[in-house]
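All of the numbers you see were taken from the coordinates with simple rules; none came from a lab. Everything numeric in this text was worked out from a predicted model, so none of it was measured. Cβ sites come from the backbone with ideal geometry, for glycine too, and all protein chains shown count toward neighbours.
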2 protein chains.
Amino acid sequence: MSSADTPSRARGASPGPQGARPPAARMRGSGLNRGDQLLFLTDAQLRQGVELMFFAYRDMIADADRVLETRGYGRAHHRCLHFVWRRPGMSVSELLDTLKVTKQSLNRVLRQLVEDGMIDSKVGPSDRRQRLLTATPEGEALVRSLSDAQNARMRRVFMEAGAEAVQGFKTVLADMIDEDSRESVLALVNDQPGA
Amino acid sequence: MSSADTPSRARGASPGPQGARPPAARMRGSGLNRGDQLLFLTDAQLRQGVELMFFAYRDMIADADRVLETRGYGRAHHRCLHFVWRRPGMSVSELLDTLKVTKQSLNRVLRQLVEDGMIDSKVGPSDRRQRLLTATPEGEALVRSLSDAQNARMRRVFMEAGAEAVQGFKTVLADMIDEDSRESVLALVNDQPGA
DNA sequence: CTTGGACAGTCAACAAGGCTGACGTAAAAT
DNA sequence: ATTTTACGTCAGCCTTGTTGACTGTCCAAG
């Protein structure tokens, strides 16, 4: 079924992942639009992308884990609290849709967070079936300390990589999101908190 | 070390991945072109990076999950089998180090994979304490169908984003890896399978 | 040689956080 | 008014993470 070396023709290429090695053949100015270079997208190159996602995610997550551990929370609490903070007043089902987990998984950690006073849950005014969620001041404080941990890494990386690389990074990640949810996800991601 | 032309000042920043909504502070028409603007690395921009990693990883992983489900395996099996396939003959502790999980988590799934004939485990010839792991033909077949699922997404994304974006993507991810393990991880990632 | 420590891997028991299914209640549809 | 649908909750199961105790192997000091 597949390919050891199926080169699918594409524009795009990336000689080596990190900037440590000098870019091999760049082929600039080939006369093609947009990404410019026409080159082979081998399975090996795609595999590199997947593996890099794994390792980067693994290490990025670890920053927050260290903070969570001191509070007795896990990753599930983090995700839940983070998005509630991002969208104050969101309902449980909106949160479910964002996290793509089941109600029960969410409910367990959500209940803890409410009991612990990190999240405030109140019955929806127009639709009383809903529970509208908001982060309390304590919840916000925790979100902030979690963000700080991860932002430190991000800040270093973004500075080292430079603006163009960061732009590319964001473009690729945005494209990687399922098309169904992409629009709403990007609306969330790009929404300014203070606004 | 790793990167290209990195100024110490925050050069960088990417307004938004792609416009689902033109975010505030776009600085368009400032006379500086994209990539060259010197701009502040705000917390909001860092937060976008973290959130995009979450969503992209979530959806990327889902591709493989669908395949795994049909075989009765989970993500842990996937990771384990994948890296054994990448480094035939690797020992259990090397694998532990790659995955950064504890022995027992690994051992459970590893045992299943060995029992199911996906991985071959043999005593190390020079050091009989070691168990050297290799993917069997069946294991390789499974790895391939898992890769196919994820590569389809990667291929589309890489083509759509273009070569430069892909380059930036890989640069940023590589920088995001813990410095301690970065070198060895990149050696693994960049290692060509057929070589 | 042998003994003690370090290292590789295994096994047992437990916790976190996924999942499905059953259920009560509120809103909508008939 | 009654059925149907949607939202949130509760109970129970399974995967996969963790720590701790254990076996077997290697190597170095006595």
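Residues that are among the charged types (D, E, K, R) and assigned to a helix (DSSP H, G or I) were ranked within the range A:79-116; the one that is surrounded by the fewest Cβ atoms within 10 Å (Cβ to Cβ) is A:Glu115. The single condition among (1) under 21 Å from A:Arg47 (Cβ atoms); (2) free of Cβ contacts under 8 Å to residues at least 60 places away in the same chain; (3) within 16 Å of DNA strand C (Cβ to nearest atom) that B:Arg87 does not meet is (2).
The single condition from (1) over 19 Å from the mean Cα position of the chain (by Cα); (2) within 16 Å of DNA strand D (Cβ to nearest atom) that B:Ala141 fails is (2). Within the bounds of the range A:119-134, is there any residue that is within 14 Å of DNA strand C (Cβ to nearest atom) and hydrophobic (A, V, I, L, M, F, W, C)? Yes; the residues of the range A:119-134 include at least one that is within 14 Å of DNA strand C (Cβ to nearest atom) and hydrophobic (A, V, I, L, M, F, W, C).
Among the residues in the range B:175-189, are any assigned to a strand (DSSP E or B), in contact (Cβ under 8 Å) with a residue 24 or more places away in the chain and over 18 Å from A:Met176 (Cβ atoms)?
no
Consider A:Arg153 carefully, then state whether it is in contact (Cβ under 8 Å) with a residue 40 or more places away in the chain, at negative phi and in contact with a Ser or Thr (Cβ under 7 Å, 6 or more places away or on another chain). Answer is no for this residue.
Against the numbered list (1) of a type in the set (Lys, Arg); (2) more than 17 Å from the chain's Cα centre (by Cα); (3) more than 9 Å from chain B (Cβ to nearest Cβ), A:Arg75 comes up short only at (2).
Take B:Val109 and decide whether it is within 24 Å of B:Arg66 (Cβ to Cβ), more than 8 Å from every other protein chain (Cβ to nearest Cβ) and either in contact (Cβ under 8 Å) with a residue 12 or more places away in the chain or not small (Gly, Ala, Ser) (or both). Against the criterion (within 24 Å of B:Arg66 (Cβ to Cβ), more than 8 Å from every other protein chain (Cβ to nearest Cβ) and either in contact (Cβ under 8 Å) with a residue 12 or more places away in the chain or not small (Gly, Ala, Ser) (or both)), B:Val109 qualifies.
Filtering the range A:97-112 down to residues that are more than 9 Å from DNA strand C (Cβ to nearest atom) and out of contact with any Phe, Trp or Tyr (no Cβ under 8 Å at 6 or more places or on another chain), which residue is farthest from A:Arg182 (Cα to Cα)? Full working, then the answer.
Applying the first criterion (more than 9 Å from DNA strand C (Cβ to nearest atom)) to the range A:97-112 yields A:97-98, A:110-111.
Cutting the leftovers down to out of contact with any Phe, Trp or Tyr (no Cβ under 8 Å at 6 or more places or on another chain) gives us A:97, A:110-111.
Working: A:Asp97: 12, A:Leu110: 25, A:Arg111: 29 Å.
The extreme case among them is A:Arg111.
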